[in-house]
1. Amide H neighbours of A:SER84 under 5 Å, at least 5 residues apart or on other chains, H built in the peptide plane: list them.
2. Using only the heavy atoms of the protein chains and a 1.4 Å probe, how would A:CYS266, B:CYS138 rank by accessible area, largest first?
3. Whole Å is fine, so just give me how far the alpha carbon centre of segment B:126-158 lies from that of segment B:277-296.
4. At a probe size of 1.4 Å, how large is the accessible area of A:ARG123, to the nearest 10 Å²?
5. Heads up, I need the accessible area for A:GLU63: 1.4 angstrom probe, whole protein in place, Å², nearest 10.
6. Skipping prolines and chain starts, which residues have an amide H placed within reach, meaning under 5 Å, of the one on B:CYS266, given they are 5 or more residues away or on another chain?
7. To the nearest 20 Debye, how big is the dipole of segment A:22-72 about its Cα centre, given +1 on the beta carbon of each Lys and Arg and -1 on that of each Asp and Glu?
8. When Rg is the radius of gyration of the Cα atoms in the protein assembly as shown and Rh is its Kirkwood radius, what does Rg/Rh come to?
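The values are calculated or read from the model by the stated rules, or taken from the named source; none is laboratory data. Owing to the predicted nature of the structure, the values given are computational and were not obtained by experimental measurement. Note: ideal-geometry Cβ built from the backbone for every residue, glycine included; neighbour counts use all protein chains shown. Please note that ligands, DNA and RNA were not included when accessible areas were found on the heavy atoms of the full protein model with its side chains. Shrake-Rupley method; radii C 1.70, N 1.55, O 1.52, S 1.80 Å.
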2 protein chains.
Amino acid sequence: MSGKRPAADDGQAARTEGAAPAQPRGSVMRDVARLAGVSHQTVSRVLNEHPNVRQETRRRVLEAMQALNYRRNLAARTLVTRRSGTLGVVGLETTLFGPASMLYGIEDAARTAGYFVTVASVRTLERRSVVEAVDRLCQQSVEGIIAIAPKPAVTNALVQVPPGLASVGVGGGADDDAVPTVRIDNAAGARLATQHMLDLGHSTVHHVAGPADWPEARERVEGWRSTLYAAGAPVPPVEPGSWSAQSGYEQGQVLARDPSVTAIFCANDQIALGVLRALHEAGKRVPRDVSVVGFDDMPDSGYFLPPLTTVHQDFAELGRRSLAVLLDQLKQGGERPPDHVLLAPELVVRASTAAARRARRGPAGPAAIR
Amino acid sequence: MSGKRPAADDGQAARTEGAAPAQPRGSVMRDVARLAGVSHQTVSRVLNEHPNVRQETRRRVLEAMQALNYRRNLAARTLVTRRSGTLGVVGLETTLFGPASMLYGIEDAARTAGYFVTVASVRTLERRSVVEAVDRLCQQSVEGIIAIAPKPAVTNALVQVPPGLASVGVGGGADDDAVPTVRIDNAAGARLATQHMLDLGHSTVHHVAGPADWPEARERVEGWRSTLYAAGAPVPPVEPGSWSAQSGYEQGQVLARDPSVTAIFCANDQIALGVLRALHEAGKRVPRDVSVVGFDDMPDSGYFLPPLTTVHQDFAELGRRSLAVLLDQLKQGGERPPDHVLLAPELVVRASTAAARRARRGPAGPAAIR
DNA sequence: CGCTAACTTGTGATCGGTAACAACTGGGCT
DNA sequence: AGCCCAGTTGTTACCGATCACAAGTTAGCG
């Protein structure tokens, strides 16, 4: 019905736009061109900051654009240039603090770089749903894909994105070398946490782990284990859990019953929260009886009871860096060098850790005060 | 049948469509048409599930699409149909639990409805930046805009989105009638929380508020105040704060010094966490000495010390409902009826509230136990 | 047998931009 | 003057889909 542009109204009939600044359907480049008395191509040149446009002409065009409240149609531009100016993010549908922070870090950095962001979230990290999400993004003609990719299935799915499409995985582990990733050095973080408690005089450190199928969780286990090993400390058994406070609570109850446990490294802050509660309910005092360290440094961790010593991750920076890697690829024409950026975490010492009390074992050894 | 297609088979045959599944540049409709021996229009019909296509033809086309790994180009489709199949979300760049959850609720619902989502996040909720975000989304030819809009500046900015574009604000308050909103009944939630503690025998309830310029925070204050008023209880003064645990901690320290404080309603769970810590440090026991209620019911609240009684908001549902409202508008051709959906919150009673201890104050009336 | 109706399929125009090329200007230089 | 080149502008083709319309087929029916 509305496809009726006044085709007959060619040439000089341009008088029509006399006093109607508001087009019913939004104005297009030709409208601007007509009002400014130039060709549509000149308008395009102004828009794209082509150098060879006379100052005076540019001014007239800009004025016309203003008057008509012109907005360029990105679909048309995308169609012809094959560049959408859009990046896709595959995100896990979760409110885990980390992924959510990264999303905003990415969006922010993308906007600064002049890109739009469309998200395709997946409810589970199975290969199938991830591939589907990637597919949806491809249809959108995204120029690159950032996957908030804590699990190998995701980076694997990334491998088969069409060639020429940039991609990067952020967060998670690095089982695969085919796709560049940006992540935090989880093992180093775990080392920091474990060594901290060892230095405090604890004879060993227990660990409450995250899900076994998350490389992030595995790397933390690894860092913890190797630190204990290097220090000649015994390595207690670990059982995988989930990332939730509930999981921490459940495993915490078990640990709380064991009098030999004096130091616990938790795979994230939420787990730590659950552990803290379990210890409290069992009558153990933190940090007097047991020291606890978390991982992530969510904004609330400083207000736990007691304030949590934890390993700080800079999620926003993670987002920014992943974007930088993506843009590099874009600049290099879709080449996908297997970069692996590794960010160093940082230990934030608060009140949930303290020096081990001396000699704990045997018939109630004399507990030193401090 | 195929006799009439020699034109396509000219010198261009270098295209290599023999059996190569992976075209260098991706295949387009014409490639599929050629392989299936039909016209591009027929391919389009199959794609759009037009009824009048012979079974056999459809099969051939589908096969060809499969073989070429064809993906329709949405930019082209958007250009001609003026429908992008994309919804825009204006989100606050924050990791507050609420906004993040809503985003995923929206994305999930949108995907189910066959829409894509592109986000434009803003760092602050000033009018300027919101208008800019809306503008960016318009360029993208989004069909509708959902604003995670806790502040009036946002809904106001929404008023001036181009006509014909659907829009809805989700979360936040409702100062404005011009734009439909979906939100939770904050006042009712506050009432639930306050009444709960009143019923427990507390002579009054103190409140630690959120930011003064967030309608959500104001409505909670209002609900709290009116409940006290209706019960004839004194209304303690309130001071605005932020949504953070730190803010709760600071105000909590003040309240902890006041022996008359036995019940505190916090504007959200994070504030409650800070209050809990302040009370703890001041030697007050929760809920023995002081009862505390939060708002939001974040996943961790059940593991605070003690587990927090709080007002539950269903953020995912909020996201879904807002999408439903948006789709309604779309169906009705861009009409924007000022719908205002109000969701009822729910009180989740855990361990941070208990009956008031009797006679605390000199000549105060005897508080009934229970 | 001829005519209309329903079903299939193809042709050409079109959406709103950008790219390539052509045309026209006006110096500067030989 | 004549030539060339850089600066400026317009013309036309094209990106890849959908839509409107037309054409060819098959079937139904008086």
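1. So A:SER84 has HN proximity to A:GLU143.
2. Values: A:CYS266 0, B:CYS138 25 Å².
Per-residue accessible area, sorted high to low, gives B:CYS138, A:CYS266.
3. That distance is 39 Å.
4. Probe radius 1.4 Å; accessible area of A:ARG123 about 140 Å².
5. 100 Å²
6. Here B:VAL208, B:VAL293, B:GLY294 satisfy the definition.
7. On the way: 10 positive and 4 negative charges, 18 e Å.
Charge dipole, segment A:22-72, about its Cα centre: 80 debye, nearest 20.
8. Details: Rg = 30.1 Å, Rh = 28.9 Å.
Computed over Cα atoms, the ratio is 1.04.
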